[in-house]
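See structure below.
The values are calculated or read from the model by the stated rules, or taken from the named source; none is laboratory data. Small disclaimer: the values here were computed from a predicted structure and weren't measured. Glycine gets a Cβ as well: all are built from the backbone with ideal geometry, and neighbour counts include every protein chain shown. Only protein heavy atoms, including side chains, enter the accessible area calculation; ligands, DNA and RNA are left aside. Shrake-Rupley method; radii C 1.70, N 1.55, O 1.52, S 1.80 Å.
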Amino acid sequence: MKNGNIWVIAESNGDNLTNITTEIMSKAKELSVALEKELVVVTIGYENDSVAKEAGEYGANKVIQVNDKLLKHYTTLPFTKVVSNLIEKYDPALIMIPATTNGRDFAGRICAKNGTGLVADCHDIKLTDDKSDIKFIRPTFDGRLLSDVRISSDRMIATVGKGAFVRKIREKDNKYEIIKEDSNLTEKDVKTTFLDFKESDVDPVLQSLLNSKVIVSGGLGLEDAKNWHLVEELADAIGADVGASKPVVDLGWCKKEIQVGVTGAIVKPDVYIAIGISGAIQHINGMKDSAVIIAINNDPDAPIFKTAHYGIVADLFEFIPALTKKIKSL
Ligand SMILES: Cc1cc2nc3c(=O)[nH]c(=O)nc-3n(C[C@H](O)[C@H](O)[C@H](O)COP(=O)(O)OP(=O)(O)OC[C@H]3O[C@@H](n4cnc5c(N)ncnc54)[C@H](O)[C@@H]3O)c2cc1C
């Protein structure tokens with residue numbers, strides 16, 4: 001790994017950093033401390049003083065702020081030009097970028113322009129034991145495996161998805177430096193025109209699931225749509241959100257937004273209760289970071305028991321109604 005600092009290219013929604021940015025910053029901070037480097041956050045936009053300040057308060061040692069009307073909205077070429085110039089000037093070792101639509105577009109462009117290796121959609125980023133290299137952990141084979149990918153170029157780029165890391169608390173007393181840089185852009189650099197931004201409607205049920213503290217999820221063990229109420233009643237009794245495995249969603253027993261897993265929502269509640277779910281890797285990778293996992297399954301050899309902290313071997317049709325009744329009576 002080369003000398004140089006750890007960078008995060010920030011995304012904002014105008015006045016604030018996005019959650020994914022602050023999540024990535026927490027891992028970048030951890031790496032920068034372990035490697036005795038600085039965490040540098042690059043904020044590019046227009047009238048973005050509050051965003052630069054926020055980056056400092058979330059733990060950046062330095063914030064490089066580029067403020068230009070031509071950068072009010074993300075467009076590929078101007079952002080690439082600005083960051084390429086900054087890379088040339090400051091020579092960072094690792095650049096971490098949110099794996100959002102814009103981030104993926106931008107990361108590929110930066111990687112190609114600068115001849116830098118990139119690992120996309122990382123779930124984790126770890127140092128090797130001797131701290132001489134970085135392990136970029138990402139899912140492969142439809143999420144069945146997590147692979148450890150290494151970058152052979154001196155400088156490294158990683159894109160990181162939402163929910164991979166837990167963001168730190170914002171500290172107004174953090175000491176940081178803001179470096180203001182010119183964009184050096186002219187109108188000629190802007191080859192595309194931003195017309196309009198249409199925010200997609202985030203389903204409130206999905207939103208609630210993603211932020212949930214307690215989730216009760218049901219799987220094919222429920223056998224039929226007419227039994228789905230057992231999951232909902234238990235969730236209702238303990239004030240939990242409802243989740244589901246993919247086949248249950250495919251069968252139309254519940255809304256597709258509540259699917260948990262690699263092709264659904266990645267959740268990290270305090271408590272995850274899996275009812276009649278076998279524990280396929282695609283499901284596990286969507287809930288394994290829950291603080292406490294409780295599984296109810298009538299097969300003692302069900303793979304879910306390898307991930308669960310508490311396992312109950314029982315027929316769900318007897319156990320769940322009795323549990324719900326008991327909880328309601330309390
Ligand atoms: C590309 C790809 C992406 C995928 N993405 C996802 C995803 O995001 N999320 C996801 O969930 N899956 C996903 N899958 C599907 C995944 O591989 C599994 O098929 C699925 O998770 C299995 O769902 P299940 O556990 O509900 O069903 P099953 O595997 O059929 O398990 C049912 C379980 O219920 C138990 N059971 C049966 N009767 C009872 C009873 N009376 N009491 C108690 N327990 C009982 C059984 O012992 C069994 O363990 C994906 C697959 C692929 C190929």
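What to note about this one:
- Residues in segment 276-290 that are over 14 Å from the mean Cα position of the chain (by Cα) and within 8 Å of residue 262 (Cα to Cα): 282, 283.
- Residue, most open to solvent (accessible area, probe 1.4 Å), within segment 312-328, restricted to residues that are outside any helix (DSSP H, G or I) and more than 8 Å from the ligand (Cβ to nearest atom): 313
- Candidates 33, 51, 83, filtered to the one that is touching a Ser or Thr at 6+ places or on another chain (Cβ under 6 Å), in the same structural domain as residue 120 (by TED's automatic domain parsing) and not aromatic (Phe, Trp, Tyr): 51
- The single condition among (1) touching a strand residue (DSSP E or B) at 6+ places or on another chain (Cβ under 7 Å); (2) on the phi > 0 side of the Ramachandran plot that residue 184 does not meet is (1).
- Of all residue pairs spaced 6 or more apart or on separate chains, those with beta-carbon atoms under 8 Å, a first member in segment 226-240 that is closer than 17 Å to residue 326 by Cβ and assigned by TED's automatic domain parsing to the domain that holds residue 209 and a second member that is at pLDDT below 95 and open to solvent by less than 20 Å² (accessible area, probe 1.4 Å) are 240/212.
Here is a yes/no grid of residues against (1) within 8 Å of the ligand (Cβ to nearest atom); (2) aliphatic (A, V, I, L, M); (3) open to solvent by less than 10 Å² (accessible area, probe 1.4 Å); (4) assigned by TED's automatic domain parsing to the domain that holds residue 210:
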position: 282; (1), (2), (3), (4): yes, no, no, yes
position: 293; (1), (2), (3), (4): no, yes, yes, yes
position: 301; (1), (2), (3), (4): no, no, no, yes
position: 305; (1), (2), (3), (4): no, no, no, yes
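- Test: residue in segment 172-192 that is exposed (fewer than 12 other Cβ atoms within 10 Å of the Cβ) and in contact with a Phe, Trp or Tyr (Cβ under 9 Å, 6 or more places away or on another chain): no
- Against the test of being among the acidic types (Asp, Glu), out of contact with any strand residue (DSSP E or B) (no Cβ under 9 Å at 6 or more places or on another chain) and assigned by TED's automatic domain parsing to the domain that holds residue 21, the options 196, 173 yield a single qualifying residue, 173.
- Of all residues making up segment 130-154, the number that are within 16 Å of the ligand (Cβ to nearest atom), open to solvent by 30 Å² or more (accessible area, probe 1.4 Å) and assigned to a loop (DSSP other than H, G, I, E, B): 3
- Candidates 279, 286, 261 - the one that is without any contact (Cβ under 8 Å) to a residue 40 or more places away in the chain and within 25 Å of residue 203 (Cα to Cα): 286
- Close pairs (8 angstrom Cβ cut-off, 6 or more residues apart or separate chains): charged (D, E, K, R) in segment 301-322, surrounded by 12 or more Cβ atoms within 10 Å (Cβ to Cβ) anywhere: 306/279; 315/298
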